[in-house]
Ligand SMILES: Cc1cc2nc3c(=O)[nH]c(=O)nc-3n(C[C@H](O)[C@H](O)[C@H](O)COP(=O)(O)OP(=O)(O)OC[C@H]3O[C@@H](n4cnc5c(N)ncnc54)[C@H](O)[C@@H]3O)c2cc1C
């Protein structure tokens, strides 16, 4: 099945670009990559990127790289970033390759690969476009949540269209007054009079894909409306996950937020004003929503960290080549020992980040436990911080040119910054990690 889908995938990617795309290619002078990034570098997959991969994984990696080279060229992504274009059709093309539901079972249109495989694919995509790839990872996370916790009817209804990206999905946990303390969310779901539905009221903030997505996974606290249930409602045990379709009456969206980066995907508030959701659209059990949301985020954190690794690798490749081409004081920059050592540190940081991300992905493939949650948190914290610094160091190597939009690095810097904040801030990642280790030492199990 997998083989078949990859034969299909490979033939799809090898299709000639459409005539309009070819015209566009001729008309637009690719400002950066042709000038500073040689064709050799564009083809580059470092030894570190390929470390320890199976022949199949090398194949997925190559497929993702080919997609990136074709669809995420610098001038295209730069235009999306400038115009705040959400490239939905390009995402649908990615889905044709199986990238819409990478770790969703093949029974419902998914690709049936592992988290580790997904990480290898996302890394290559993020090298070309961090922001669009990051949305794709959130969409994949939502698909997995439905695959993992959905009823056969829910899977049948939603997954095929989501995996093909005919439909898009969003994850809705954060609220204006509930961010890091996610369990304090205030969106309420009250049983309707006929007992067939829940009526949701509340507001979700910062929702990636908000307004464009067709399916929203909304965490809300179920309430029976009586005073005695108030205490219960204030705990995470009341949180329940609802699948809400875009056209449901009472569902509306805020303005597209103006952001530092992640401009190729919309971020909007999702507002619920007496939104009636049938009981059959509860994902998992009543009260299981917080667990579902957190399990989704374990994988989400690996994915976001992977996007940081891809972005940092790309910036380092560009900077490394620039060191050979730019001359100051009569010599190429590559002759200065400070910059040589800086490059060595950057390579080490990217490699270490990748190893942590892949280890966490492999751990999550093996088991879902507090161990894997901690591995994911550590990888997310480490990789997003280190890779942001690598991008910043790359920008510094370009001097003033690094600050110019035309040279590409500044977009990566803007896009990677938010990875230290979302899907749990890096302070929250430290909370998760320290809690785990303190607990371990308490029991004397080390
Ligand atoms: C572009 C973008 C896209 C997003 N997409 C989504 C999405 O699709 N779905 C979704 O649900 N959410 C999304 N988010 C929300 C994101 O997950 C939250 O912003 C994040 O969890 C932090 O919450 P907050 O912004 O309310 O910050 P706060 O929780 O208010 O934190 C403020 C600061 O205090 C620190 N802090 C808080 N508590 C502690 C503590 N106990 N110890 C130490 N430090 C602490 C934090 O680390 C942070 O530095 C998105 C955010 C952005 C910016």
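Things to note:
- Test: residue 353 is assigned to a helix (DSSP H, G or I), touching a helix residue (DSSP H, G or I) at 6+ places or on another chain (Cβ under 7 Å) and farther than 19 Å from residue 119 by Cβ: no
- The stretch 255-271: number of residues that are within 8 Å of the ligand (Cβ to nearest atom) and surrounded by fewer than 17 Cβ atoms within 10 Å (Cβ to Cβ): 1
- If you go through the stretch 332-362 and keep only what is closer than 19 Å to residue 400 by Cβ and surrounded by fewer than 12 Cβ atoms within 10 Å (Cβ to Cβ), you end up with just 338.
- Odd one out for residue 147, checked against (1) under 23 Å from the mean Cα position of the chain (by Cα); (2) farther than 20 Å from residue 287 by Cα: (2)
- Selection from the stretch 172-198 of residues that are surrounded by fewer than 18 Cβ atoms within 10 Å (Cβ to Cβ), away from the ligand (no atom under 16 Å from the Cβ) and not in a loop (DSSP other than H, G, I, E, B): 190, 191
- Yes/no for residue 215 being in contact (Cβ under 8 Å) with a residue 60 or more places away in the chain and either more than 14 Å from the ligand (Cβ to nearest atom) or on the phi > 0 side of the Ramachandran plot (or both): no
- Condition check for residue 318: in contact (Cβ under 8 Å) with a residue 40 or more places away in the chain, within 23 Å of residue 387 (Cβ to Cβ) and buried (at least 22 other Cβ atoms within 10 Å of the Cβ): yes
- Filter pass, residue 137 being within 16 Å of the ligand (Cβ to nearest atom), assigned to a helix (DSSP H, G or I), touching a residue at least 24 places away in the same chain (Cβ under 8 Å) and more than 24 Å from residue 239 (Cβ to Cβ): no
- Residue check, residue 118 modelled with pLDDT of 95 or more, out of contact with any strand residue (DSSP E or B) (no Cβ under 6 Å at 6 or more places or on another chain), surrounded by 17 or more Cβ atoms within 10 Å (Cβ to Cβ) and under 21 Å from residue 294 (Cβ atoms): yes
- Look at (1) within 16 Å of the ligand (Cβ to nearest atom); (2) closer than 30 Å to residue 391 by Cβ; (3) over 14 Å from the mean Cα position of the chain (by Cα) and you find that residue 117 fails only one, number (1).
- Any hit, the stretch 275-283, residues being within 13 Å of the ligand (Cβ to nearest atom) and buried (at least 23 other Cβ atoms within 10 Å of the Cβ): no
- Options 286, 304; residue that is part of a loop (DSSP other than H, G, I, E, B) and either surrounded by fewer than 22 Cβ atoms within 10 Å (Cβ to Cβ) or in contact with a helix residue (DSSP H, G or I) (Cβ under 6 Å, 6 or more places away or on another chain) (or both): 286
- Here is the figure for the stretch 404-421: residues that are closer than 19 Å to residue 294 by Cβ and crowded, with 20+ Cβ neighbours inside 10 Å total 1.
- Boolean, residue 311 is surrounded by 24 or more Cβ atoms within 10 Å (Cβ to Cβ) and away from the ligand (no atom under 14 Å from the Cβ): yes
The values are calculated or read from the model by the stated rules, or taken from the named source; none is laboratory data. What you see is a predicted model; the values in this text were computed from it and never measured. As a convention, Cβ positions derive from the backbone with ideal geometry for all residues, glycine included, and neighbour counts pool all protein chains shown.
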